[in-house]
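Working notes, beginning with the structure itself.
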């Protein structure tokens with residue numbers, strides 16, 4: 001029988017499968033609000049529909065990642081704050097920089113959008129890394145990155161839904177379509193990309209900023225920007241689906257590597273303990 005990894009907590013069924021409850025309850029609430037909105041045509045229900053439609057899948061995916069068997073030290077408060085401030089700070093900084101660049105240059109290439117947004121989403125995880133010393137593992141970076149990406153994705157989706165509502169002259173169907181598509185795809189976009197890069201960033205810090213780990217972070221960031229650019233440049237849904245598969249595959253590989261590193265450290269600690 002092996003000892004649990006440092007910082008790990010015994011995995012419970014409730015934690016591993018909590019994302020299902022989040023998804024089911026959230027979806028039920030969304031359906032109730034959406035049906036009420038359609039039936040009554042009361043615009044007072046629009047904010048609730050937009051909020052639920054934009055936040056349900058990101059929240060469920062955070063719960064899914066949190067339920068993996070990884071040695072997280074971060075708790076619910078840190079996750080929630082990362083999502084909240086990661087979303088607000090990320091969208092505000094990215095929106096401001098994109099506006100300034102487009103105003104000054106007259107054009108903003110897609111790669112510029114990817115670069116700005118991926119960097120902006122890392123600001124809150126970076127602040128946590130620098131000022132909260134107990135959150136310095138790759139697993140913590142992965143979870144905080146996914147949370148920051150979730151906040152960014154939810155707020156961005158709310159913005160797109162609101163814009164669609166105005167441009168379509170109040171079409172509820174068009175607005176719901178935007179919420180459904182962007183909500184379902186969000187784990188394979190902002191959440192995956194920021195999870196990958198934040199995990200690499202925290203791994204570099206955990207290693208004492210060893211050159212190899214820093215290089216891996218730079219590589220992860222470049223890959224995230226490339227995936228973001230490919231997503232934004234997508235000519236059709238099939239291309240977007242392909243980028244989504246690659247993004248989720250890389251996030252899954254990151255989770256696997258994080259778990260493998262944890263097991264290796266556990267075995268190393270056990271070996272040293274036996275020698276001692």
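Take the conditions surrounded by fewer than 22 Cβ atoms within 10 Å (Cβ to Cβ) and modelled with pLDDT of 95 or more and apply them to residue 249. Does it pass? When the stated conditions are applied, residue 249 passes them. Look at residue 129 and say whether it is more than 26 Å from residue 54 (Cα to Cα) and part of a helix (DSSP H, G or I). Judged against the criteria, residue 129 is a match. Scan the stretch 7-42 for residues that are in a loop (DSSP other than H, G, I, E, B) and in contact with a helix residue (DSSP H, G or I) (Cβ under 7 Å, 6 or more places away or on another chain) and the total you get is 0. Any residue that is surrounded by 21 or more Cβ atoms within 10 Å (Cβ to Cβ), closer than 22 Å to residue 60 by Cα and at pLDDT 90 or above - is there at least one of those in the stretch 94-117? Within the stretch 94-117 (the criterion being surrounded by 21 or more Cβ atoms within 10 Å (Cβ to Cβ), closer than 22 Å to residue 60 by Cα and at pLDDT 90 or above), the answer is no, since none of the residues qualifies. Between 254, 258, the distinction of being modelled with pLDDT of 95 or more and either surrounded by 12 or more Cβ atoms within 10 Å (Cβ to Cβ) or over 14 Å from residue 193 (Cβ atoms) (or both) belongs to 254 only. Return yes when residue 163 is more than 21 Å from residue 237 (Cβ to Cβ) and at pLDDT 95 or above and no when it is not. Here the answer is no, as residue 163 does not meet what is asked.
Within the stretch 185-208, can one find any residue that is at pLDDT below 95, assigned to a helix (DSSP H, G or I) and over 22 Å from the mean Cα position of the chain (by Cα)? Within the stretch 185-208, not a single residue is at pLDDT below 95, assigned to a helix (DSSP H, G or I) and over 22 Å from the mean Cα position of the chain (by Cα).
Residue 187 fulfils the conditions (1) surrounded by fewer than 24 Cβ atoms within 10 Å (Cβ to Cβ); (2) closer than 21 Å to residue 232 by Cα except for a single criterion, (1). A single entry from 243, 214, 275, 222 fulfils the requirement of being at pLDDT 95 or above and surrounded by fewer than 16 Cβ atoms within 10 Å (Cβ to Cβ): 222. Quick check on residue 86: is it touching a helix residue (DSSP H, G or I) at 6+ places or on another chain (Cβ under 9 Å) and within 18 Å of residue 197 (Cβ to Cβ)? Considered against the rule, which asks whether it is touching a helix residue (DSSP H, G or I) at 6+ places or on another chain (Cβ under 9 Å) and within 18 Å of residue 197 (Cβ to Cβ), residue 86 comes out as yes.
The values are calculated or read from the model by the stated rules, or taken from the named source; none is laboratory data. Just so we're clear, the structure is a prediction, and the values are computed from it rather than from any experiment. Note that each Cβ is placed from the backbone with ideal geometry, even for glycine, and that neighbours are counted across all protein chains shown.
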